[in-house]
Every structure is written in C-alpha cells, then in structure tokens.
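Peer 1: Below you will find the structure I want to go over with you.
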Amino acid sequence: MTIMNEAEFVAHALSDYLGTYIPHAESATIHNIIISGEPLSGIGFALGVAVENSVAIPELLRERILSLAELTPEENQLFVSEFQLLPAFQKAA
C-alpha cells in the first residue's frame, strides 16, 4: 500500500469532486497529472477547468488547498486568483 501525502490527498479529493461536473476527458487529465507525481500541478489544472466550466468549489476544499505546506507564495496567489473567478458555493437547504 502506498502512502499518500496531503497534497495528493487534496488533489484527489478535488478531482473526485469535479468529476461529476466536468467532461470525462478533463477529469482523466487531472487524474493523470496527479498520479504522475505532480499533485500541485493537478490542483492548478483542476482549478482552471473549474473556472472554465463555472463549477463552484466548497469552502472546506478551498481552505485545504490554500493550507498545503508545499505551496509557494506564487502558487498560493495563483490559486486565490482562480478562486475569485469561481461562482460561490451554495449549500443545499
């Protein structure tokens, strides 16, 4: 069994979440980026796909992404700017 670091875990969670809202080909691309050992690139690509498809990201997932220890200040700023382009997440009543 392989041990997954936090960035990989969060990237897979984002990928799984988006998988129900985006085309399969884009979901597969995100997954391939993550399994190739580039979870932060996978997150960046996934956020771009979310913006392109106007998919809201839950606040908890946003917080987990921005709290990743591996993020550089530039990546953090990029992700914050991507979040600003996304629609607000609406909780189910």
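Peer 1: What relative contact order, as a whole-number percentage, does the chain give when Cα pairs under 8 Å and 6 or more residues apart are counted?
Peer 2: Relative contact order, the chain: 30 percent.
Peer 1: Please state the charge dipole magnitude for the chain, taken about the Cα centre, from unit charges on C-beta atoms (+1 on K and R, -1 on D and E), reported in debye and rounded to the nearest 20.
Peer 2: With only Lys, Arg, Asp and Glu charged at Cβ, the dipole is about 280 debye.
Peer 1: Could I ask something else about it? Considering only protein heavy atoms and a probe of 1.4 Å, how much of the accessible area of the chain is carbon and sulfur, as a whole percent?
Peer 2: 58 percent
Peer 1: Moving on to the next point. First select every other residue whose beta carbon is under 11 angstrom from the beta carbon of Ala7; then total the charges, Lys and Arg +1, Asp and Glu -1. Show your work: numbers first, answer last.
Peer 2: Numbers: positive: Arg64; negative: Glu6, Glu8, Glu38, Glu70, Glu75.
That works out to -4.
Peer 1: Whole number in Å², please: accessible area per residue of the range 1-88, 1.4 Å probe, ligands, DNA and RNA not counted.
Peer 2: Accessible surface, normalised per residue, equals 57 Å².
Peer 1: Using Stokes-Einstein with the Kirkwood hydrodynamic radius over Cα pairs, what translational diffusion coefficient do you get for the range 45-93 at 20 °C and a viscosity of 1.002 mPa s, in µm²/s rounded to a whole number?
Peer 2: 190 µm²/s
The values are calculated or read from the model by the stated rules, or taken from the named source; none is laboratory data. Computed from a predicted structure; not experimentally measured. All Cβ positions, even for glycine, are placed from backbone atoms using ideal geometry, and neighbour counts span all protein chains on display. Just the protein is used for accessible areas: all its heavy atoms, side chains included, with ligands, DNA and RNA removed. Shrake-Rupley method; radii C 1.70, N 1.55, O 1.52, S 1.80 Å.
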